[in-house]
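Since the structure comes first, as structure tokens, the remarks are kept for the end.
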Amino acid sequence: MNKLTTYEAAWLLGGAERAALVIFVALATDGRLEVADKRQRVKLVRSDATYPVEAAALALVPESGLGVADFLTQIAATEAVKDLEAAVRAKGQLRMLRWFSPTYRDLLQHPGTGVRRVAVLGVPGIEDERLRDMLEHPLPAMPRIDPFKPVRDNTIDGTLGPTTGSGYI
């Protein structure tokens, strides 16, 4: 059996979401992505990629930047991440039977360091405290506003009550 790459190990252990996380962490720690802590947005710094999954992820980032949560979701949905399944199957591993695999047990017993540790442990395996904290505490979703109930305060004294057309769905 061939050894799994870091991205294939991430897919085997946690699926497309874990693979997307590992891709994001690898790009952020290499300095190919600039991550704004407060706004939780990523911007492209360099577009050089070693693996197809990295190239696919870097192609997703627009010039204006992208939110981290959206970026992770879009990476998980790319064809390059879906191709990881075929690569893992070609190496004799099946995700649904991973608990019975000696490779799976070996990965859990020896998580390694760096990005390989993130592939095995997920967010708790991230060594960069700033990045780990940002992924453990994502920004809350923005409230949706009903376009047919605009929020207006047309009263003279400004006492628009919360039940008289707040506009939030």
Quick one: Arg152 ticks every box in (1) charged (D, E, K, R); (2) surrounded by 10 or more Cβ atoms within 10 Å (Cβ to Cβ); (3) out of contact with any Gly (no Cβ under 6 Å at 6 or more places or on another chain); (4) at pLDDT below 65 except a single one, so which number is it? (2)
For the stretch 54-74: of the residues being in contact with a strand residue (DSSP E or B) (Cβ under 6 Å, 6 or more places away or on another chain) and part of a loop (DSSP other than H, G, I, E, B), which is surrounded by the most Cβ atoms within 10 Å (Cβ to Cβ)? Val61
Okay, helices (runs of 4 or more DSSP H) sitting entirely in the stretch 100-144 with 3 or more residues that are among the β-branched types (Val, Ile, Thr), I get 115-121
Only one residue in Thr103, Thr50 is among the hydroxyl-bearing types (Ser, Thr, Tyr), open to solvent by less than 70 Å² (accessible area, probe 1.4 Å) and either under 15 Å from Thr5 (Cα atoms) or in contact with a Ser or Thr (Cβ under 8 Å, 6 or more places away or on another chain) (or both). Which one? Thr103
Report whether or not Leu121 is crowded, with 18+ Cβ neighbours inside 10 Å and either modelled with pLDDT of 90 or more or out of contact with any strand residue (DSSP E or B) (no Cβ under 6 Å at 6 or more places or on another chain) (or both). no
Can you tell me how many residues within the stretch 98-109 are out of contact with any Phe, Trp or Tyr (no Cβ under 6 Å at 6 or more places or on another chain), within 13 Å of Leu13 (Cβ to Cβ) and not polar (S, T, N, Q)? 6
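The values are calculated or read from the model by the stated rules, or taken from the named source; none is laboratory data. Predicted, not measured: the structure shown is a model, and the values here were computed from it. With ideal geometry, Cβ positions are generated from the backbone for all residues, glycine too; neighbour counts draw on all protein chains shown. We work out accessible area using only protein heavy atoms, side chains counted, and drop any ligands, DNA or RNA first. Shrake-Rupley method; radii C 1.70, N 1.55, O 1.52, S 1.80 Å.
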